[in-house]
Amino acid sequence: MLELYVPKPEDLWFQERLLSDPQTMFYNRHWDVTYDGYHWDTGCVDFPKTQWAEWYARWIGQEPERYFAYVRRTVDGAWIGTVSFHYSPKHDWWEMSIVLYAPYRGMGYAVQALKRMLHHAFDVCKISRLHNDFELSRNEESAWKTHFAAGFQEISRKDGWLTVMLTREQWIQKEAERKMEEAQCI
């Protein structure tokens, strides 16, 4: 079982660890971006303690505009990744992210973690829709499958990008169907 945990300021060492781990950040490498602290060769991003307070004020306690949480394993309290979403006024949707710490990948946590975030986004924050993009040339098939297994729908494949979306209405419908199936099995 997994749960979401909103970190305290002193917990940001884990975010720093994730962002500085080349195996975890491998998906993020070789982007054509120029912001300070981004390492093109590894995908890692500097997150020194001097940035923690500003980052925390921007991300924590800003729902439904922004949400960030650690994914925590309930049996032992281990933090295994992060989930987040933030509003994009340009598109009138929320962009989302899920990052699992490399040592915990391939253990079946991704879909469950994503569903926990979806519950929070749609049932607690009542946002309208979540969006994500994947560059098709980056071998990210496991990420696509995770999104599809959690209920996301393919919106388009064009210009080398796969776009997925899940609306609150779709989430509510899928949850109702899941509960009906559970009731029939009892």
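The numbers here are math on the coordinates, done by the rules we state, and not lab data. These figures come from a predicted structure and were not determined experimentally. Reconstructed Cβ throughout: ideal geometry from the backbone, glycine too, with neighbour counts over all protein chains shown.
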Cβ-defined net charge surrounding residue 104, 14 Å radius [Lys, Arg +1; Asp, Glu -1]: +2
If r is the Cβ-Cβ distance from residue 172 to residue 105 and R0 is 25 Å, what FRET efficiency results, to the nearest 0.05? 0.25
Can you list, bin by bin at 5 Å, the percent of alpha carbon pairs in the chain, starting at 0? 1, 7, 14, 19, 22, 19, 11, 4, 2, 1, 0
Is any residue of segment 16-42 close enough, with backbone N under 11 Å, to a label point placed 7 angstrom from the Cα of residue 135 along the Cα-Cβ axis, and if so, which? 27-33
Using 0.36 nm per residue of separation minus the Cα-Cα distance, give me the extension gain between residue 63 and residue 20 in nm, one decimal. 12.8 nm
Would you please give the FRET efficiency between residue 161 and residue 75, computed as 1/(1 + (r/R0)^6) with r the Cβ-Cβ distance and R0 = 45 Å, to the nearest 0.05? 0.75
